[in-house]
1. How many of the residues making up segment 387-405 are within 21 Å of the chain's Cα centre (by Cα) and either loosely packed, with under 15 Cβ neighbours inside 10 Å or of a type outside the set (V, I, T) (or both)?
2. Does any residue of segment 54-68 turn out to be open to solvent by 50 Å² or more (accessible area, probe 1.4 Å), in a helix (DSSP H, G or I) and polar (S, T, N, Q)?
3. Applying the selection to segment 128-187, what residues are acidic (D, E) and either in contact with a helix residue (DSSP H, G or I) (Cβ under 7 Å, 6 or more places away or on another chain) or more than 25 Å from F332 (Cβ to Cβ) (or both)?
4. Would you point out the residue of segment 223-259, among those that are aliphatic (A, V, I, L, M) and part of a loop (DSSP other than H, G, I, E, B), that is modelled with the lowest pLDDT?
5. Checking R316 against (1) out of contact with any Lys or Arg (no Cβ under 9 Å at 6 or more places or on another chain); (2) loosely packed, with under 15 Cβ neighbours inside 10 Å; (3) closer than 20 Å to A218 by Cα: exactly one of these is not met. Which one?
6. Out of the residues in segment 143-175 that are among the small types (G, A, S) and buried (at least 20 other Cβ atoms within 10 Å of the Cβ), which is farthest from the chain's Cα centre (by Cα)?
7. Taking the options I220, I138, name whichever one is among the β-branched types (V, I, T), touching a residue at least 40 places away in the same chain (Cβ under 8 Å) and part of a helix (DSSP H, G or I).
8. Quick check: is even one residue across segment 75-92 touching a residue at least 60 places away in the same chain (Cβ under 8 Å), in a helix (DSSP H, G or I), open to solvent by 30 Å² or more (accessible area, probe 1.4 Å) and not aliphatic (A, V, I, L, M)?
Amino acid sequence: STISEDSLKSSLLQLECHFTWSLLKEDVDLNDLEEKINQKTVFLPDCNIKNYNLLSYVCHLSNSNDEALRNLQKAEEEIKKNHPDEIARRSLVTWGNYSWIYYHMGRYKEAQTYLSDVENSCKKLSSTAQWKIQLPEIYAEQGWVLLMFGRKYYNRAKNCFENALQDEPDNPEFNAGYAITMYRLEDHFNIQCEDVSLSLKPLKRALELDPEQTFIMALIALKLQNLNQGDEGERHIENAMQKTPDLPYVLRYAAMFYRRKREFEKAVEILKKALAVTPVSPFLHHQLGLCYKDKLFQLKETTRYPPQEQVDQLIRLCIFHFKTATDQKTNFFYAYIVLANMYIEGKMYEKAEETFQKASQINILSEKDKQEFCYYYGKFLSCQMKMESEAIKYYREGLKIGGNSFFFHKCINSLKKLLNLRIRRGLGDATDFGTLGFVHNLNSKKHEAIDCYEQAIALCPDNEEYLSALCELRLSI
């Protein structure tokens, strides 16, 4: 009997696999993601079932379904090799992906076959399940995939690992996933905790359960360094590098550790070693660029007249590595921002403008990223391009995003400086006074804000915005 496409689709939507986990193509750079997974198949072969499942989904997103099927076959081989006694249980995600890919190829009969395999296995594993069953390893697999799809997905990843740990609280892999997710979330929000950071405890727990996890050691080291316990951190780094001297995931964090310690030569040496192992790595190029950038600023701070050729050479190296990072990963926001700033250092303003434009067009920017963009672009417009009113517009844009972040305060201070300067030079117009009023109000300086709004209204008597702001302020005092 022919299966109707609609009833097939409604069954497929109930499966637990990559196709139902809301992983959006526009949130990643597919080439970069594919490269990352290929590296993982080499350096983390223990995870190859997950690696091949994800690779097949990425191939599907890149419109190569035949390649996607080949990767699912590899996943099946790994399952047979590593879990001969639990083939059905371990194959649920793989079979789900198979049926989706066959569905997209219009091969409904094959899609239905895999769908039935999932259904029968679920029934055997649990009397109540039809298409999906809440298995801890499936939660964990989803968690790892979400981590690969970037920051937007980290909170969902955290929930997945929490669900997996409810069933198996001592599982080393689930604890590692949870700890890494907490580390990334924390790193992203730059949470400054008083005594200890939130991720340190789960990281230590993960290492306790699997003392050979050198990747976790490296993250603990960076965390301890943040908490001013650099010596203890360095012991962890040295230990990790001794145990797995060629693992790129350890080398990259070791390099970060030494760069932050301002041992730039050592950091560069480690990064070059890592690049020899994985030549295509936007992360490593970005880190190398940061080493040369920090070296450049150290040279400028410590030398009154730094030799120009040394300065030029460092700028060239920075530009080369940041540019390579953005070529290899087209949505690498931080690499674009440092690249633009390096072009400014080298007085290449057209290139800087072009790079800022590329950064602003990335579609997955968080509010914090947008604020950072507004600050650096505003600074470029005011300092290099002498376009003050344009700069003011961007600083204001950054403030509208709100929050209490580092770049929120940078935008406030720059805006205040710029407006005061314009007013002192006698160039201040109603907009400048109104904007300064807005800034003072944000800083809770109500009397200064009232003064500014009064001056703005004197210059532009009918402006509704200034009149209502002034009214509100007077009522609140």
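The values are calculated or read from the model by the stated rules, or taken from the named source; none is laboratory data. No experiment lies behind these values; they were computed from the predicted model shown. Ideal geometry is used to build each Cβ from the backbone, glycine not excepted, and the neighbour counts take in all protein chains shown. Note: areas computed on protein heavy atoms with side chains; ligands, DNA, RNA excluded. Shrake-Rupley method; radii C 1.70, N 1.55, O 1.52, S 1.80 Å.
1. Of segment 387-405, the ones within 21 Å of the chain's Cα centre (by Cα) are 398, 401-405.
Now drop any that are not either loosely packed, with under 15 Cβ neighbours inside 10 Å or of a type outside the set (V, I, T) (or both), which leaves 398, 402-405.
Of the residues in that region, 5 qualify.
2. No, segment 54-68 contains no residue that is open to solvent by 50 Å² or more (accessible area, probe 1.4 Å), in a helix (DSSP H, G or I) and polar (S, T, N, Q).
3. If we filter segment 128-187 for residues that are acidic (D, E), which is where we start, we get 137, 141, 162, 167-168, 170, 173, 186-187.
Of everything in segment 128-187, those that are acidic (D, E) and either in contact with a helix residue (DSSP H, G or I) (Cβ under 7 Å, 6 or more places away or on another chain) or more than 25 Å from F332 (Cβ to Cβ) (or both) turn out to be E137, E141, E162, D167, E168, D170, E173.
4. Of the residues in segment 223-259, the ones aliphatic (A, V, I, L, M) are 224, 227, 237, 240-241, 247, 250-251, 254-256.
Adding the requirement that they be part of a loop (DSSP other than H, G, I, E, B) leaves 227, 247.
On the way: L227: 91, L247: 95.
Ranking the qualifying residues of segment 223-259, first place goes to L227.
5. With respect to (1) out of contact with any Lys or Arg (no Cβ under 9 Å at 6 or more places or on another chain); (2) loosely packed, with under 15 Cβ neighbours inside 10 Å; (3) closer than 20 Å to A218 by Cα, R316 is out only on (3).
6. Initially, segment 143-175 is screened for residues among the small types (G, A, S), giving 143, 150, 157, 164.
Pick out the ones that are also buried (at least 20 other Cβ atoms within 10 Å of the Cβ) and you get 143, 157, 164.
Working: G143: 15, A157: 13, A164: 23 Å.
So, considering only residues that are among the small types (G, A, S) and buried (at least 20 other Cβ atoms within 10 Å of the Cβ), the one farthest from the chain's Cα centre (by Cα) is A164.
7. Working: I220 fails: touching a residue at least 40 places away in the same chain (Cβ under 8 Å).
After ruling out the rest, the residue left standing is I138.
8. Initially, segment 75-92 is screened for residues touching a residue at least 60 places away in the same chain (Cβ under 8 Å), giving 92.
Filter once more, keeping what is in a helix (DSSP H, G or I): 92.
Now restrict to residues that are open to solvent by 30 Å² or more (accessible area, probe 1.4 Å): none.
Checking segment 75-92: not a single residue is touching a residue at least 60 places away in the same chain (Cβ under 8 Å), in a helix (DSSP H, G or I), open to solvent by 30 Å² or more (accessible area, probe 1.4 Å) and not aliphatic (A, V, I, L, M).
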